[in-house]
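Notes follow once the structure below has been shown.
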Amino acid sequence: MQKSEYRSACARILLFIAGTFLFTILSLPIFANATVNPTEVEESLTCQCSCGLTVHSCNHLQCSFAVPAKQTIAEQVGQGTAKEVIVQSFVAKYGEKVLSAPTTVGFNLAAWITPFLALIVGGIVVSLISLRWSRQRAQQGAKEKQVSDPQTNAYRDRLKKELDTFES
Amino acid sequence: MTHLGTLALALAFVLAVYATCMSVWGAASRREMWIASGTNAAYAVFGCVLIAVVALLHALLTHDFNVEYVSSYSSSTLPVQYTVAALWGGQKGSLLFWTFILTVFSTIVLAQNRHKNRELMPYVTATLMVIALFFLGMLNFITPPFERLAFTPKEGSDLNPLLQNYWMTLHPPSLYLGYVSASVPFAFAIAALITGKLGDVWIRTTRRWALTSWFFLSIGNLLGGRWAYEVLGWGGYWAWDPVENAAIMPWFTASAFLHSVMIQEKKNMLKVWNMVLVILTFALTIFGTFLTRSGVISSVHSFTQSGLGPYFMTFLILTLIVSLGLLFYRLPELKSENELDSLLSREAAFLLNNWVLVGLAFATFWGTVFPVLSEWVRGVKITVGPPFFNKVNGPLGVLLLFLTGIGPVIAWRRASAKSLRRNFTIPLIAGVLFGALFFLFGYRNYYAVVILSLCGFVAGAIFSEFFRGTRARQAILHENSPQALGRLVSKNPRRYGGYIVHVGVVLIFIGIAGSTFFKIEKQISLKPGETLEAGRYTLKYEGIKNSEDDHVSVQAAVVAVSVGGRQIDTLHPEKRLYKRQNQPTTEVALRQTLREDLYVVLGSYDAPSQLATLQVFVNPLLSWIWIGGIILVLGTCVTMMPSPAERQAFAQAPVKVRTGSEVGAD
């Protein structure tokens, strides 16, 4: 592989990875422009009846936590109270464990950042390894070319063509 | 009979110690007789554990309530199938069941390899027996299943009503089969590391075991989802509960292994990485067991909080230290000729796929253990629930779906611009058409359209692979279409079986997208004769029917379902009261079609006012999750079929039987 071809291939793969990332990030629901509704607030809170579900999903219709919580949320949303204020009123009463997901401040930020950080680091490692391996192959290819003769080249071209047809 | 069970477990423990020692000693001193003796002892361990399982089943079926386990998890009125399921319904029984499956698999592996892999097998036996020893140690010394009470209760406490469901008779065994079969590739990996036989023999030998593990983990997770959907009554199938997470994490790493192992087989690359994935998958199965039994993280699935956590954690840490230590020791010999012909190749796409799958496993692990970390660091208990996992894993899942479509259309070694253009055309057109079609049918949500378009893209990629292969056979061999398609698959079951699995994955994503973004929920209290509207359905509550037997009393609502003024069905959502545990449960009424599920729950019923509270969900496209699951399972079966080369090798292989004198001569 020529140096320019190699660079262009690298550029393409990096572009591909960048595009994939962009696509992923844009697909993140956290970037969605959402309007406040009772369901959204209910989904932000974990039911305390040990069902392990959110207040919205708790299937115990006579649940001592979810039922009054839903009523409170509906009333407050009806009064035009902001989502954050409603959620904070529950946190003040029951503690942070009432939230269905970690907050995005302080130590809790680590919960959100670490998976993506690990993914980015992993992505860089995978990219670097791929580049190194493809460079090794390119060097190997260059050595093979040095010892080639017209007949070998003809066979190599034919093999490449057939493999491309076979594997594509 | 229970005394026999206790004795059998004690004997199994002693035999497992003997099998481990003899196998290692025999291998180290190259004494075939000792190795054979160790193998025979491993077979005997299976026999002993089988006796213990039969003894516990006998105690359950004969209602021997003097046995603490029987008294805690069954009753005289429990139906037979659930009495049998009680074997894995509690802590002790499930540990015994786990050990039983492990010894069954050990026996199969030893029998399969009695004339093969002679250098690896003693260490495989030893590794499997060490794992068995850990569980047998628990059963003998920490949590004995045949423990007796000081008195005999007249009646048992019964099995948890949530477990009295037919899916529950299948879901735990499937998961256990998946978990335990991961021990076999792990044992071979350890044997390869110890002996230094690091070629692809251990990989080839264990490929089907890795597939088996993946197969059962897939079934286990799907059945678990189905159970949650039908029993828990919240209209969903996956809640990112810690124990659900524990079951999906090894599935992610096993999926990564099944892809990366192809690169090792084809190009002798990624030897270290494959070892890491095998070790990680096994470690995650133990971690999952630790989660359910330690009480560290609260979950609806957990067994009663017990003191088993530290033992499992110790075993897990020792496993990681020993296996990673061996891996580190063998690193120089594991260096492979890692070369990529091009960054635009299937190998590179598989590397990306591994990156995302391991990323998903890590994100799930991180979210699962973060509450514990938070408590350690800040002293504050927090919850990491579905919103976190949906936001973190959701985009990764979409990325994985995208890569599922990329893999088949990129050639091995190097993809030329021309081949990329040619191979991407059909998938891209399919993706656009798919998205547009769903949009026209009313599925108008940005994320849903993105996912559904990607589903079309992947489906198009798979279709074009089948189409081109079939066309090529027709052109060269003049076969008709069905013949060409059939032979295409049978000549390369691994490749095309894998594509069928991907079709299953696509359908699962369609089901997830439809049921996540277009779900309709209604909750209302009705008197007889009153109706409610949910989507295109009109539901008329007609009244309550009561029934009762010795075991359970049932209140069933009668709900007439109409569409456009025409009655199409009558549903009977139930509220059940299991008498022994005095615990009410819901029995969902389901009307399933390919278009959508109508899911009705009877929340409560007030007899004086005749007021019934109904919770109604309309879940679009949800059935495709189960259909996709079935296709995924069928595809996995296809990949496990022997290839023509394997069939030929099998047919030509001479059957070598070693006589006693030959063994003695060693």
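Quick notes on this structure:
- Neighbour-count ranking [beta-carbon atoms within 10 angstrom, fewest first] of B:282, B:287, B:215: B:287, B:215, B:282
- With K and R counted +1 and D and E -1, the other residues having a Cβ less than 12 Å from that of residue B:520 yield a net charge of -1.
- The charge dipole of chain B, taken about its Cα centre with unit charges on the Cβ atoms of Lys, Arg (+1), Asp and Glu (-1) only, comes to about 2140 debye.
- Rg in Å to one decimal, and Dmax rounded to a whole Å, for the protein assembly as shown via C-alpha atoms: 28.8, 98
- Neighbouring Cβ atoms from other chains, within 10 Å of the Cβ of residues in B:450-456, number 1 on average.
- Residue-averaged [θ]222 nm for the protein assembly as shown, counting only DSSP H segments that reach four residues, each worth -39500 (n - 2.57): -22000 deg cm²/dmol
- By the count of other C-beta atoms within 10 Å, a proxy for reagent exposure, B:35, B:51, A:120 are ordered fewest to most as A:120, B:51, B:35.
- Electrostatic bookkeeping for residue B:197 treats Lys and Arg as +1 and Asp and Glu as -1; over the other residues with beta carbon under 11 Å from its beta carbon, the sum is -1.
- Ranked for footprinting exposure by Cβ neighbours inside 10 Å, fewest first, B:258, B:95, B:326, B:102 give B:326, B:258, B:95, B:102.
Coordinate-derived values only; no laboratory data. Fair warning: this is a prediction, and the values are worked out from it, not measured in the lab. For neighbour counting, all protein chains shown are included, and Cβ atoms are generated from backbone atoms with ideal geometry for every residue, glycine included.
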